[in-house]
Amino acid sequence: MQRRDWMGALGGAAALGAVGGLAAGDARAATQWKLATGYKPETLHTQNIEQFAREVEKASSGDLKITVHPNNSLVKLPEILGAVQAGKAEAGEMLMSAMVKDVPLAGADSVPFIVSTYKDARRLWHYQAPLLEKALLDKGLVPLYAVPWPPQGLFTVKPVRNKSDFQGLKMRTYNATTVRIAEMLGAQPVDVATADIPKALASGQIDSMITSSLTGVESQIWTHTKYYYELNAWIPKNLVFVQKKALDALSPATRKAVLDAAKAADERGWSLSEAALKASVNELKSHGMTIDRITPELAKDINRFGERFSREWVQTVGNDATRLFVPFYTQSQ
Ligand code: PCA
């Protein structure tokens, strides 16, 4: 597997090397945290978490060591929230919209056609974060930081011009939005983890999917599909969070090291994601893929499905949806 040095793009990432041990005579053993994620070690988000862990270890002078367990190896992505609550891992990273069963508001960033730029995604997060923090605190969890994937588009093995072209397509899904859109289009939804995309395409289990250009590149999508339609449909985020009990158990200085490193990881992650958008669209092109906009006819249908999805979403989420979207639409920052 080709290793992509997204960190190198910003000139960060120098290995920080071994950290100093505890001072002689200090009886306190270093704390160990496990951090579970469903994504591959080489993906942008996981590399960012690795840097976060190195920075925490350094800033806490070795008092806290976070070990990252990528690729569903410790806990499968959909189960990470419950596993961190139960203490199987002290911390975790999840696609926020994969938490909707437990935290409906977490799906706000995957409601189609609300945001299509990083600036608006930031603004949405500004209003979503305090509400989400409260919802997670009720579950004994504390959000640390969130980093977006690039905007979501559509990959297909054959060109699609209208809704009828989706009949019989097997569309890979990764959250409630992608399942619902596949259903509305008349395609068959097939749940596949990111790491399994190449295999699923090779075996014909899927022939289309909505995801980012970045995930397309990381799946070497050009081997199987030729078409990418830039829908800019939504900008989903991954959330890194920790068990409140574990955070509270740290010394004040180590807790500060975690929160400071989280703030840095947040800023770095948003920049890396934006840089990855440009780089990955170029890479898709360089492999001969056709990058296009969907036809106005299909855009009309997909927009209609987006509106229907939004209505369904607001009904499920209730008051928090109003608390989030009223300020988002009425206040400018
Ligand atoms: N990649 C992840 C989530 C969103 C994205 O761009 C995936 O396809 O599962």
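Each value in this text was obtained by applying a stated rule to the coordinates, not by laboratory testing. Since the structure is predicted, the reported quantities are computational estimates derived from the model, not experimental observations. Heads up, the Cβs are rebuilt from the backbone with ideal geometry, glycines too, and the neighbour counts pull from every protein chain shown.
Before moving on, here are some points about what is shown:
- Estimated dipole of the stretch 176-262 in Debye, rounded to 20 [Cβ of Lys and Arg +1, of Asp and Glu -1, Cα centre]: 380 debye
- Calculated mean residue ellipticity at 222 nm for the chain: -13500 deg cm²/dmol, from DSSP H runs with n ≥ 4 weighted as -39500 (n - 2.57), summed, divided by the residue count and rounded to 500.
- Packing-based order for 199-209, 168-178, using average beta carbon neighbours within 10 Å, highest first: 168-178, 199-209
- Computed lengthening from Thr117 to Glu42, 0.36 nm per intervening residue step minus Cα-Cα distance: 24.5 nm
- Spin-label model, Ala275/Glu133: points 7 Å from Cα along the beta carbon direction are separated by 2.8 nm.
- 14 Å Cα-Cα reach of Lys170 towards aspartates and glutamates, excluding residues that sit fewer than 8 places from it in its own chain: Glu183, Asp191, Asp207
- Global form of the stretch 164-294, assessed from the alpha-carbon gyration tensor, a/c cut-off 1.5: prolate
- Modelled FRET efficiency - R0 35 Å, Asp301 with Gln220, Cβ distances, 0.05 increments: 0.70
- Counted over the chain, the DSSP beta bridges are approximately 55% antiparallel.
- Here the extension length gained between Ser286 and Ser251 equals 7.6 nm, from 0.36 nm per residue of separation less the Cα-Cα distance.
- 20 Å Cα cut-off, lysine pairs counted over the stretch 220-303 (separation 8 or more, or different chains): 7
- Simple spin-label estimate for Ser310 and Lys76 gives 3.4 nm between the two label positions (7 Å along the Cα-to-Cβ direction from each Cα).
- According to the calculation over all Cα-Cα pairs in the chain, the P(r) per 10 Å bin from zero is 6, 25, 34, 24, 9, 3, 0, 0 %.
- Rounded FRET efficiency, nearest 0.05, which uses the C-beta distance separating Asp196 from Ala29 and R0 of 30 Å: 0.20
- Spin-label pair Ser203/Tyr329, simplified geometry with 7 Å Cα→Cβ offset, distance in nm: 4.4 nm
- Taking the average, over residues, of other Cβ atoms within 10 Å as the packing measure, peptides 150-159, 35-44, 285-294, 131-140 rank 35-44, 150-159, 131-140, 285-294 from highest down.
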